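**Q** Can you keep this structure in mind? I'll have questions shortly.
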Amino acid sequence: MLSKLIGGATIQVLAVHLVKKLEDITAWKSPQLLDYYRANQKAAKRIRVRRIFILFKNELISSQTPLLDSKVLEIMKEQKNCQIDVRVAWNDLIPADLCSDYLVIDRNIIKSGFPTGGYSNWIEVNQISSISFSANQTQEYIDKFNETVQYSEPLENWIKENESYLTA
């Protein structure tokens, strides 16, 4: 379902992806998300695809694991290399009301049923809580996305600013 919507997109795809645990980002490598990921790659060749990864620092980095797992950066770089505009932010730098998973595909809004989950929760289509075609609601989510952009950094800048979490 999501793959078809993205495949048919003619204007843009805006996405916010919450990463609370490693599985929220490694889900991109799962067979369940392969079609969805391919649809994103194909769409990025035709239209602008923008994704903001919101990383939950306290859950991903601790005294026992002081470095961000390399898989997180690997997947974000892969998406960037596929012409997806990737931005990144730590969740503690973003107002809580902006921390939710959603997609805006052209004029459609797709929201996850899990306000603090990640795409691993999107694997089952039945877990999508709603699809909206309302122009007013779509504009609200576009505005929400644009506000979230202000708290995030392009991937390459974020990497430079967070080197201490990426290397030993």
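**Q** On average, how much accessible surface per residue is there in the chain, in Å², for a 1.4 Å probe, leaving out ligands, DNA and RNA?
**A** That works out to 50 Å² for each residue.
**Q** In a GNM of the chain with a 10 Å cut-off on Cα contacts, which of Ala39, Ala135, Ala89 has the highest mean-square fluctuation?
**A** Ala135
**Q** From Cα pairs below 8 angstrom and at least 6 apart in sequence, can you work out the relative contact order of the chain, rounded to a whole percent?
**A** In percent, rounded to a whole number, it is 29.
**Q** Counting only C-alpha contacts under 8 Å and six or more residues apart, can you give the relative contact order of region 1-60 as a whole percent?
**A** Relative contact order for region 1-60 comes out at 54 percent.
**Q** Further question on the same structure: Which of Gln64, Gln79, Gln150 moves most in a GNM of the chain, Cα contacts under 10 Å?
**A** With Cα springs under 10 Å in the chain, the top fluctuation among Gln64, Gln79, Gln150 is at Gln64.
**Q** Pull up the DSSP beta bridges for the chain and report the antiparallel fraction as a percent, rounded to 5.
**A** 50
**Q** Can you match Kirkwood radius over Cα pairs in Å to one of these, (i) 16.5; (ii) 16.0; (iii) 18.9, based on a calculation from the structure here?
**A** The calculated read-out lines up with (ii).
**Q** Now, a different point. So, R0 is 41 Å and r is the distance between the beta-carbons of Glu78 and Gln139; what FRET efficiency does that work out to, to 0.05?
**A** The pair Glu78/Gln139 has a calculated efficiency of 0.85.
**Q** Tell me the accessible surface of Leu98 in square angstrom (1.4 angstrom probe, heavy atoms of protein chains only), to the nearest ten.
**A** Using a 1.4 Å probe on the heavy atoms, I get roughly 0 Å².
**Q** Once you sort the root eigenvalues of the Cα gyration tensor of region 1-89 as a ≥ b ≥ c, which label holds: rounded (a/c under 1.5), prolate (a/b larger than b/c) or oblate (the other case)?
**A** Prolate, since a/c reaches 1.5 and a/b exceeds b/c.
**Q** Continuing with the same structure: So what's the net charge close to Lys42: Lys and Arg +1, Asp and Glu -1, counting the other residues with Cβ under 13 Å from its Cβ?
**A** Here the count lands on +3.
**Q** While we're on this one: Nearest 500 deg cm²/dmol is fine: what mean residue ellipticity at 222 nm does the chain get from its DSSP H runs of n ≥ 4 alone, each adding -39,500 (n - 2.57), divided by its residue count?
**A** After summing the helix terms and dividing by the residues of the chain, the value is -11000 deg cm²/dmol.
**Q** Less than 13 Å Cβ to Cβ from Asn58, Lys/Arg counted +1 and Asp/Glu -1: what total charge do the surrounding residues give?
**A** +1
**Q** Between region 68-86 and region 1-30, how far is it from one alpha carbon centroid to the other, in angstrom?
**A** With region 68-86 and region 1-30 each reduced to a Cα centre, they are spaced 13 Å.
The values are calculated or read from the model by the stated rules, or taken from the named source; none is laboratory data. What you see is a predicted model, and the numbers here were worked out from it, not measured in a lab. We place every Cβ from the backbone using ideal geometry, glycine too, and count neighbours over all the protein chains shown. Keep in mind that these areas ignore ligands, DNA and RNA; they rest on the heavy atoms of the full protein, side chains included. Shrake-Rupley method; radii C 1.70, N 1.55, O 1.52, S 1.80 Å.
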